[in-house]
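The values are calculated or read from the model by the stated rules, or taken from the named source; none is laboratory data. Since the structure is predicted, the reported quantities are computational estimates derived from the model, not experimental observations. Virtual Cβ from ideal backbone geometry, glycine too; neighbours counted across all protein chains shown. When the accessible area is computed, the model is the full protein with side chains, heavy atoms only, and any ligands, DNA or RNA have been set aside. Shrake-Rupley method; radii C 1.70, N 1.55, O 1.52, S 1.80 Å.
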Amino acid sequence: MKTSAKATVVGLTTLAAALGVLGLGGVSHGVSKASAEPTKVEGPARVDDFMLADQNLLARQLYRMSDDTAVILVTFASGDKQLHADAKALMALKAAYPKGVDMLAVDSRIGDRRDPVVADAKAAGLDMPILFDYEQLVGEELGVTRAAEVIVIDPRSWTIAYRGPVDGAKQAVDALVAGQKVALTRREATGELIAFPDRAKAKTFASISYAHTIAPIIEAKCATCHQPGGIGPMPLNNYTQIKGFSPMIREVIRTHRMPPYLADEKVGAFQDDDRLTPEQMKTLVHWIDAGSPRGAGEDPLVKIKFQAPDWPLGKPDVVLNVPEVKVPASGILDYQHPVVANAMTEGRWMKATTFRVSDRQVVHHILTGVVPADFTGATAAESSWGASLGGYGPGRGSNIQPVDTGVWVPASGGVGFQNHYTPYGRETTEKTQMGIYFYPKGEEPKYILRTFGIFDFSIEIPPNEEFHPETSYIEFPKDAILYGITPHAHRRGGSTQVSILYPNGKSEMLLALPRYDFNWQYEYFLKTPLKVPAGSKILAKWTYDNSARNPGNADHNKTVYWGEQTSEEMMATYLHYRWVDETVKHQTPEYEKLLQANLMMGVLDDNMDGKIQKAELKGGPQSPARILKQYFDLIDTNHDGALDAQELTAAYKLMPRRGPAPKVAATSQPAPTPAAQPAAATPTAGGR
């Protein structure tokens, strides 16, 4: 179910035409292999915040390091001889401060890429996070000119205490560690020159046209949320508003917070990618650096009547009113499980759903599932649900089926909901509506879209750990086509990477979110659907930030386990796929049972050796892993010190249930046909 997070706004000019005007005034933002010029650059006395992904696809944000006594940045360029010569001294500097000082490299050189950089750093003996400044915005702001320059920053004021060769850095760091104020010392670095092609054009940034260049970018990438009725906190619908928020716009671009599309720019290609392009990012920042000049021409935005539509996809075929819920200002609410009648007289194929939420702050998530036509009652547990009809999470828009796929919605019956509300300090009443869109009568999709969750119910996140790793996977028993991926965690979710391991041993990264953000839970649909051969494993790797540096962490001094409430944590990666051999007229529900049978091995097998060792059995008191660990020696019937798939299956059937059973993702329930009965429903994962 593809997410369309923004409503369509009719523009006065197309984005392509607007960007074509960028050449006015001699301004160009190409990232060609320009040669470096030995231009003298006066670096800033104070540094602004930024966030970049490192070589391990983990986000590093400067201002989150405010608990340090010093931050050391090293300018990097792959193959630089001076860096190789300085490597021993740099590593000695890093080792001298085991706590309270972060050392990171920043690579702003055009053309440097992750794999060659990692190999070069290893060859040089450099072991530190290397941040990739692909747009050169951070290097420009820092005044970088050469590789092998050390920049020492005072986090108390975010001022620069020293910049120059490594041999002068320790004195500045020692002074900062001792709590002293340090005056800026500058020395010339001696590494190779790093080309910044746009730096020489800085005088022309004031010629960037607001009317022809900036306004169309804002209209296309910002105003669809930042308008009356939109999800943005303030409007950006005219020059005065944009000018007033210019410093904030520059900051959210440098920290990659806006637009809130979290996928790493160098991993995968996705439909409905709402990010600013590199050219747009640089154009906006350079225009703001020049003072956000108004320039000539009318303001094209004032001619547009901005108003977010109630239903971005148009009037729904069916609107369901979810029973309103009064949410108190504080406390914990149990999940709500209402059933809303759907008075349809005939079954239809669904192609999209949209949710209208009256108070976005209070809604943690909404999940849905079809209930049988003969169901009676006001509530229904997920175990009685059939097909999923999509859901809502912070930042998400409409759920749209991939081309020629659908979900069958039977006549009568109704829709079951799993609603999670989180109080936020003010009493409120939430009134949700769900709009359903069907394929036209007489038309039907060819394929059945299914959804399955890769989970890890055994997560155990230690206190005060910033990058705690957890891993799980699922093995596909039959050939499939993967359409999309939806990652989900709670507020300690730090990063995630999803990859495929093929039967021949080849692996491919599909999606990476260097920083996961609970407030923006997108569905990432691949631009080109991926063939998943039988025997392939889809891997989900997460990190969790249970440190004081995480602003969403309520208590960094406790161990955190799997749980449904926001104060607990989840590890869920939903896959949206179809079976190669399955069509609407030839259904294969037995494939779902085979996939389900692989779930627990993927949950527990952290080292991916196809067996469960005792050390891999962890998690909270209610975790199935805890029970397996208690009876490990009895379950290990062949006494080889590990549980294989047969032993695990036999044990899981006999395990006593303690509290609610772990929940797994709903699969799409097809329409009855002569070829097959409806697929069996499986419970739906909470917390999505």
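Counting Lys and Arg as +1 and Asp and Glu as -1, each charge on the Cβ, what is the dipole of segment 70-145 about the Cα centre in debye, to the nearest 20?
Values: 8 positive and 12 negative charges, 77 e Å.
Its charge dipole is roughly 360 debye.
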Task: Inverse mean reciprocal Cα-Cα distance (Kirkwood Rh) of the chain, Å - done: 27.4
Open item on the list: Please report Rg (one decimal) and Dmax (integer) in Å for the Cα set of segment 55-121.
Closed with: 12.8, 33
TODO: Take every DSSP beta bridge with both residues inside the chain and express the antiparallel ones as a percent of the total, to the nearest 5.
DONE: 85
Open item on the list: Based on the alpha carbons, how large is the Rg to Rh ratio for segment 260-306 when Rh follows Kirkwood?
Closed with: 1.09
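With a cap of 14 neighbouring Cβ atoms within 10 Å, and only residues DSSP puts in a loop, list the GluC sites (Glu not before Pro) found in segment 434-487. All intermediate terms of the calculation are to be shown ahead of the outcome.
Values: sites: E443, E460, E465, E466, E470, E475; in loops: E443, E465, E466.
For GluC sites (Glu not before Pro) across segment 434-487 that sit outside H, G, I, E and B with at most 14 neighbouring Cβ atoms in 10 Å, the list reads E443.
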Open item on the list: Please list, by residue number, every one of the chymotrypsin sites (Phe, Trp or Tyr not before Pro) in segment 387-457 that is coil in DSSP and has at most 14 other beta-carbon atoms within 10 Å.
Closed with: Y424
Task: Zero-based 10 Å bins, Cα pair distances in segment 261-384, whole percents - done: 7, 22, 26, 23, 14, 7, 1
Task: Accessible surface of the chain [probe 1.4 Å, protein heavy atoms]: carbon and sulfur percent - done: 53
- [ ] Would you list which aspartates and glutamates come within 20 Å of K629, measuring only between C-alpha atoms, while excluding same-chain residues fewer than 8 positions from it?
- [x] D456, E460, E470, D605, D606, D609, E616, D640, D644, E647
TODO: Equivalent ellipsoid semi-axes for segment 428-520, as square roots of 5 times the alpha carbon gyration tensor eigenvalues: give them largest first, rounded to whole Å.
DONE: 30, 25, 11
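From the square roots a ≥ b ≥ c of the eigenvalues of the alpha-carbon gyration tensor of segment 574-645, which class results: rounded (a/c under 1.5), prolate (a/b over b/c), or oblate? The partial results should precede the final answer.
Working: a/c = 2.91, a/b = 2.31, b/c = 1.26.
Note, shape of segment 574-645 comes out prolate.
Could you give the alpha-carbon Rg of segment 499-621 over 2.2 N^0.38 Å, rounded to two decimals?
Working: Rg = 17.4 Å, N = 123, 2.2 N^0.38 = 13.7 Å.
Against the compact-globule rule of thumb, the ratio is 1.27.
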Open item on the list: At 222 nm, what value in deg cm²/dmol follows for the chain if DSSP H runs of at least 4 each add -39500 (n - 2.57) and the sum is divided by all its residues, to the nearest 500?
Closed with: -4500 deg cm²/dmol
Open item on the list: Show me the GluC sites (Glu not before Pro) within segment 211-308 that DSSP assigns to loop and that have at most 16 other Cβ atoms within 10 Å of their Cβ.
Closed with: E298
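Starting from the Kirkwood radius over alpha-carbon pairs of segment 149-211, derive D by Stokes-Einstein at 10 °C in a medium of 1.306 mPa s and give it in µm² s⁻¹.
Details: Rh = 14.0 Å.
Taking Rh from Cα pairs, D becomes 113 µm²/s.
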TODO: Using only the Cα atoms of segment 100-187, construct the convex hull and provide its projected area averaged over every direction, in square nanometres to one decimal.
DONE: 6.2
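Rolling a 1.4 angstrom probe over the protein heavy atoms, how many square angstrom per residue are accessible across segment 337-461? Provide the component values of the computation, followed by the final result.
Working: 4090 Å² over 125 residues.
Counting only protein heavy atoms, the per-residue value for segment 337-461 is 33 Å².
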Open item on the list: Quick check of the Kirkwood formula: for segment 154-279, what is the inverse mean of 1/r over all pairs of different Cα atoms, in Å?
Closed with: 18.6
Open item on the list: What would the Debye equation give as log₁₀ I(q)/I(0) for segment 301-371 at q = 0.17, 0.19, 0.21, 0.25 Å⁻¹, counting only Cα atoms as equal point scatterers?
Closed with: -0.88, -1.02, -1.16, -1.44
Task: Above-threshold pairs, the threshold being 31 Å between Cα atoms, out of K94/K527; K243/K305; K537/K618; K315/K446; K201/K541 - done: K94/K527; K201/K541
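Based on the Cα atoms of segment 522-587, what semi-axes does the equivalent ellipsoid have, where each is the square root of 5 times one gyration tensor eigenvalue, given in whole Å with the largest first?
On the way: eigenvalues 265, 34, 28 Å².
Working from the Cα gyration tensor, I get semi-axes of 36, 13, 12 Å.
With +1 on each Lys and Arg Cβ and -1 on each Asp and Glu Cβ, and nothing else charged, work out how big the dipole of the chain is about its Cα centre, in Debye to the nearest 20.
Details: 72 positive and 78 negative charges, 220 e Å.
Here the chain has a charge dipole of around 1060 debye.
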Task: Ranking by accessible area, most exposed first, for T204, T428 with a 1.4 Å probe - done: T204, T428
